[in-house]
There are 2 protein chains.
Amino acid sequence: MNVTILSGGVGGARFTRGLRALLPDAAVTVVANTGDDLWLHGVRVCPDLDTLMYTLGGAVHEEQGWGRRDESRRTSDDLAAYGLGWEWFTLGDLDLATHLARTELLRAGLPLSQVTARLAQRWAPDVTLLPMTDDEVETHVVLADGREVHFEEWWVRHRAALPAVRFVQTNLATAVPAPGVLEAIADADVVVVPPSNPVVSVGTILAVPGVREALRTTTAPVVGVSPVVGGAPVRGMADACLTAIGVETSAAAVARHYGRRPDGVLDAWLVDDRDADAARALRSEGWTAGSANTLMTDVPTTARIAADALALVGALP
Amino acid sequence: MNVTILSGGVGGARFTRGLRALLPDAAVTVVANTGDDLWLHGVRVCPDLDTLMYTLGGAVHEEQGWGRRDESRRTSDDLAAYGLGWEWFTLGDLDLATHLARTELLRAGLPLSQVTARLAQRWAPDVTLLPMTDDEVETHVVLADGREVHFEEWWVRHRAALPAVRFVQTNLATAVPAPGVLEAIADADVVVVPPSNPVVSVGTILAVPGVREALRTTTAPVVGVSPVVGGAPVRGMADACLTAIGVETSAAAVARHYGRRPDGVLDAWLVDDRDADAARALRSEGWTAGSANTLMTDVPTTARIAADALALVGALP
């Protein structure tokens, strides 16, 4: 059974870990958002790819959700003593090794997809981990005062508190899906949109030329899990992103934003039990929708959430 | 009083620290070799500039002679776990902060001389620290089997044990002395060549177009201190470098290799007491030469060595 997941960072990584536990024999491909990637102090940082690699490889800082277990801030603190750089963007000393390794391979001319495969060898995440594209696409945030800042600056430094007018992605129009991305969608038995940020994570993946069309035309069912529970994001500040693009922060509104195939990209939508009303409303509009507990408190619970999502489209093996 | 020093790493840094202690009121400019610099994992490493900055700024790992006090190898070890890069070239976690800071400023478009000044603000080395050039000049070693490797690979990885045929510097022909370098030589009251590697440290500085001519024509006396004591380098493997260019590893041969002005670059040469014969031989050839204890065991002893060198050319204030 081939499962393809379009993922951002923490939420998508935890969901994938649960699905991996549910379906130990499935071939799972994760297409990761790379719009949050950035060059920092000369090294290439790929937040979502690393969160996926560490989470699925058993190396993640579990409480934090990203970064490596047992990291220190010695290098980061010493860098701050120079009064340089983004002091609010901590580079953990072990995470930094990943960035240095990645940068070396990129500078040697390898595309990000091959670099990712090479780095993942160490962590054996038991999924095929693909960047959405090998091109350098970076999400920038246009602020109300006209400034344009990197997404990470808005997200981490300003905690998404500065009103965003819109998001722009550099190089997006000419970006090409990384090798294997379109095939993973076309050849899947089921495609899952996990509870990742629908605007800057999944939305950015969908905006890579060819990806949305691949979702519309794949023979696989596509099921999503709502990242919004009870009118608020389960984690992070997706509400600020949704507001910026004029979408209400509700489980139903996110589903409608993704849209139903063939015009949209989803066949089915799983919401939290607290949003059972939203599932009913969507069903009355013709959606396949259900509700369940969707709080990914631990791996077994998350495996159950994955099962509930797959059951919606009859994709449980 | 203006003192200008042409320096490599550890030896030159320790000598300069002694001279700094001897002449607390002098304006000291250090022109540093940058031929050992390299891009490693995407960050720019400048071994000699950093050794000078740390040594004169009180942050150096004293026993090691280079790198920062209290460094850990956590990041370096984790990088090695990827099986990538130069596992034999350890990037200490605090030193790494310097490389990241430097790389950020270089990537922002600043020339190395301005980057160096910016980084040195933190350490207040009490000297003006100049790279020999803002251009990327890298010393490579041509081996007997025809391979060409970066100097650091030959020096650190192979401990200079692979016979070298010759040294080549990338971009040297078009390199321009960094702002202030030629002026520091022309306007000096005395120029000192410390006991640095005469081939790959001082030799590389001398090979930057314009530097040798500046030394020939400056009104300041130029005095050197032998890095060879009793037929062997005091530190490091300068003998392997000297052998490669056909120069005997002896205090007298190194002086003759530098040469006397106006054809060469020196006016006077200080050797160790163990090489008093060499001083006598040089004097019989017309040199100003003397002998003293030249082992830089601590700062006061090194200050005395600096005094002995300056006394040779009557440059003690």
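Here are some notes:
- Filter result for B:Asp36 (surrounded by fewer than 22 Cβ atoms within 10 Å (Cβ to Cβ) and either part of a loop (DSSP other than H, G, I, E, B) or not small (Gly, Ala, Ser) (or both)): no
- Selection within the range A:104-117 - more than 8 Å from chain B (Cβ to nearest Cβ), part of a helix (DSSP H, G or I) and not small (Gly, Ala, Ser): A:Leu112, A:Gln114, A:Val115, A:Thr116
- B:Asp50 satisfies every condition listed in (1) touching a Phe, Trp or Tyr at 6+ places or on another chain (Cβ under 6 Å); (2) of a type in the set (Asp, Glu); (3) within 14 Å of another protein chain (Cβ to nearest Cβ) except (1).
- Tally, over the range B:72-103, of residues that are open to solvent by 50 Å² or more (accessible area, probe 1.4 Å) and either in contact with a His (Cβ under 8 Å, 6 or more places away or on another chain) or facing another protein chain (nearest Cβ under 7 Å) (or both): 2
- The residue of the range A:53-71 that is surrounded by the fewest Cβ atoms within 10 Å (Cβ to Cβ), among those that are within 14 Å of another protein chain (Cβ to nearest Cβ) and of a type in the set (A, V, I, L, M), is A:Ala59.
- Candidates B:Gly18, B:Gly42, B:Gly11: the one that is in contact with a Pro (Cβ under 9 Å, 6 or more places away or on another chain) and open to solvent by less than 10 Å² (accessible area, probe 1.4 Å) is B:Gly18.
- All of A:Glu104, A:Glu152, A:Glu148, A:Glu136 fail the test of being touching a Pro at 6+ places or on another chain (Cβ under 8 Å), acidic (Asp, Glu) and either over 30 Å from A:Gly230 (Cβ atoms) or touching a residue at least 24 places away in the same chain (Cβ under 8 Å) (or both), apart from A:Glu152.
- From the list A:Arg122, A:Arg212, A:Arg159, the lone residue that is on the phi > 0 side of the Ramachandran plot, touching a residue at least 24 places away in the same chain (Cβ under 8 Å) and not small (Gly, Ala, Ser) is A:Arg159.
- Residue match in the range A:105-114 (condition: modelled with pLDDT under 95, open to solvent by 10 Å² or more (accessible area, probe 1.4 Å) and in contact with a helix residue (DSSP H, G or I) (Cβ under 6 Å, 6 or more places away or on another chain)): no
- Condition check for A:Ala240: at pLDDT 95 or above and not aromatic (Phe, Trp, Tyr): no
- Exactly one residue out of A:Pro300, A:Pro262 is modelled with pLDDT of 95 or more and open to solvent by 10 Å² or more (accessible area, probe 1.4 Å): that is A:Pro300.
The values are calculated or read from the model by the stated rules, or taken from the named source; none is laboratory data. What you are looking at is a predicted structure, and each value in this text was computed from that prediction instead of being measured. Cβ atoms come from the backbone with ideal geometry, glycine included; neighbour counts cover every protein chain shown. For the accessible areas, the whole protein counts, side chains as well, though only heavy atoms, and no ligand, DNA or RNA atoms are used. Shrake-Rupley method; radii C 1.70, N 1.55, O 1.52, S 1.80 Å.
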